[in-house]
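Novice: Sending over a structure as structure tokens; questions will come in a sec.
Read the figures in this text as sums done on the coordinates, not as results from a lab. Keep in mind that what you see is a predicted model, and the values were worked out from it rather than measured. Note: ideal-geometry Cβ built from the backbone for every residue, glycine included; neighbour counts use all protein chains shown.
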Amino acid sequence: MIDDAPDFDSLSHTVTEVIAPLVAADGGSLVIVRRSGDVVEVRFGGACRGCPGQAYTLKGVVLPALQATDPTVRDVRAVY
């Protein structure tokens with residue numbers, strides 16, 4: 001993980017404790033990779049990797065949860 005923002009730990013906690021258990025329930029995994037400015041990059045694994053529902057999860061679940069933790073987050077992207 002690369003930390004280039006002061007609130008990376010808060011975002012990492014949200015991914016690990018809030019979002020990851022949701023995707024794990026469907027056999028997937030999710031980790032935060034980095035934050036660059038107002039963009040957060042995450043990596044899907046397991047059943048989530050390549051899943052057609054990944055785009056919804058990214059924008060409909062991950063982004064709102066990260067924005068609730070840090071309103072300065074403007075976008076979230078999946079990296080491989």
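Novice: When the dipole is taken about the Cα centre of the chain, and only Lys, Arg (+1) and Asp, Glu (-1) are charged at their Cβ, what size is it in debye, to the nearest 20?
Specialist: Working: 7 positive and 10 negative charges, 71 e Å.
That gives the chain a dipole magnitude of about 340 debye.
Novice: Once both labels are modelled 7 Å past Cα along the beta-carbon direction, what's the Q67-A24 spacing in nm?
Specialist: 2.7 nm
Novice: Here's something else I'd like to know. Under 10 Å, Cα contacts only: if you run a Gaussian network model on the chain, which one of V40, V18, V62 comes out with the highest mean-square fluctuation?
Specialist: The residue with the greatest mean-square fluctuation here is V18.
Novice: As a test, work out the antiparallel percent of DSSP beta bridges whose residues both lie in the chain, rounded to the nearest 5.
Specialist: Values: 8 of 13 bridges.
Percentage antiparallel, nearest 5: 60.
Novice: Using only C-alpha positions, report the orientation-averaged shadow area of the convex hull of the stretch 8-78, nm², one decimal.
Specialist: Taking a quarter of the hull surface, the average projection is 3.9 nm².
Novice: Apply the Karplus curve 6.51 cos²θ - 1.76 cosθ + 1.60, θ = phi - 60°, to the phi angles in the stretch 48-57 and return the couplings in whole Hz, x for Gly and Pro.
Specialist: 6, 5, x, 5, x, x, 4, 4, 5, 4
Novice: Ignoring everything except DSSP H segments at least 4 long, calculate the 222 nm mean residue ellipticity for the chain; use -39,500 (n - 2.57) per segment, divide by total residues, nearest 500.
Specialist: Values: 3 runs with 19 residues, N = 80.
Calculated mean residue ellipticity at 222 nm is -5500 deg cm²/dmol.
Novice: Here is a further query. For the chain, modelled as a Gaussian network with Cα springs under 10 Å, which listed residue fluctuates most, L30, L63, L22?
Specialist: Top of the fluctuation ranking is L22.
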